[in-house]
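A quick write-up on the structure given underneath.
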Amino acid sequence: MGASGWYYFVPFDPDPQAALQRLREDVFRRGQYFTPKTKKPGRLRSAQAPGSPKSPRSIDELLMLCKESGTHSILDVDRLVTTPHPPSTADWMRALAVAGRAATPEEISAQLAAQLTYLGTVGPVAEARLQETCGSHRPERAALEAAVFTLISMCPRGAGMWTTVYDAAGAPSELLFLGKTGD
């Protein structure tokens, strides 16, 4: 099926890890994820409501069911990290090509190890990326909505990013979680 991009705006919480956990629980409860059998968003494998006997009773049970393909949703990431993710391997390789050189075997090993470290995590969007894509390191929602697919393309596969969304007065108003997961 390939990787899927996803994003969610949620009310601001000074504790992004707590906001992430609430969002994951909400997405699971509403059944807004893909499953191996249906490959359709919002449909459970058994086409039953969450908590019914034939449907996964927990996020962990769902993740076991979808371990090869993922859920193509926020459910595929479960923890925040405090530093931005390294560039995706594709972006890293492009940067090397632009610089006119190839990666050494040691550099490739280090890059792959860094990617594995961030698998299943949500890291902050780097300020330079926010400035580049939104024109500000304190972006408002409209700027982020316009840049969301560009930001998703910058995510390493199997991981996500998050950032604070600001209102017109410059106060935090929401959090944005976005990422790229799936088989």
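The values are calculated or read from the model by the stated rules, or taken from the named source; none is laboratory data. All of these numbers come straight from a predicted model, not from anything done at the bench. Reconstructed Cβ throughout: ideal geometry from the backbone, glycine too, with neighbour counts over all protein chains shown. For the accessible areas, the whole protein counts, side chains as well, though only heavy atoms, and no ligand, DNA or RNA atoms are used. Shrake-Rupley method; radii C 1.70, N 1.55, O 1.52, S 1.80 Å.
Points to keep in mind about this one:
- Residue that is surrounded by the fewest Cβ atoms within 10 Å (Cβ to Cβ), among those in the stretch 142-169 that are within 21 Å of Arg24 (Cα to Cα) and charged (D, E, K, R): Glu145
- Any hit, the stretch 95-107, residues being at positive phi and without any contact (Cβ under 8 Å) to a residue 24 or more places away in the chain: yes
- Restricting attention to the stretch 1-33 and to residues that are under 16 Å from His72 (Cα atoms) and among the polar types (S, T, N, Q), the residue that is least open to solvent (accessible area, probe 1.4 Å) turns out to be Ser4.
- Test for Ala90: is it modelled with pLDDT under 90 and closer than 22 Å to Ala147 by Cβ: yes
- Looking at the stretch 64-182, the strands (runs of 3 or more DSSP E) lying wholly inside it that each contain 3 or more residues that are β-branched (Val, Ile, Thr) sit at 159-166.
- Criterion applied to Leu96, Leu176 was being within 11 Å of the chain's Cα centre (by Cα) and not basic (Lys, Arg), and the one residue passing it is Leu176.
- Meets criteria (buried (at least 19 other Cβ atoms within 10 Å of the Cβ) and under 12 Å from the mean Cα position of the chain (by Cα)) for Cys134: no
- Ala128 at pLDDT 95 or above, open to solvent by 50 Å² or more (accessible area, probe 1.4 Å) and of a type in the set (A, V, I, L, M): no
- Subset tally (residues that are acidic (Asp, Glu) and open to solvent by less than 70 Å² (accessible area, probe 1.4 Å)) for the stretch 89-110: 2
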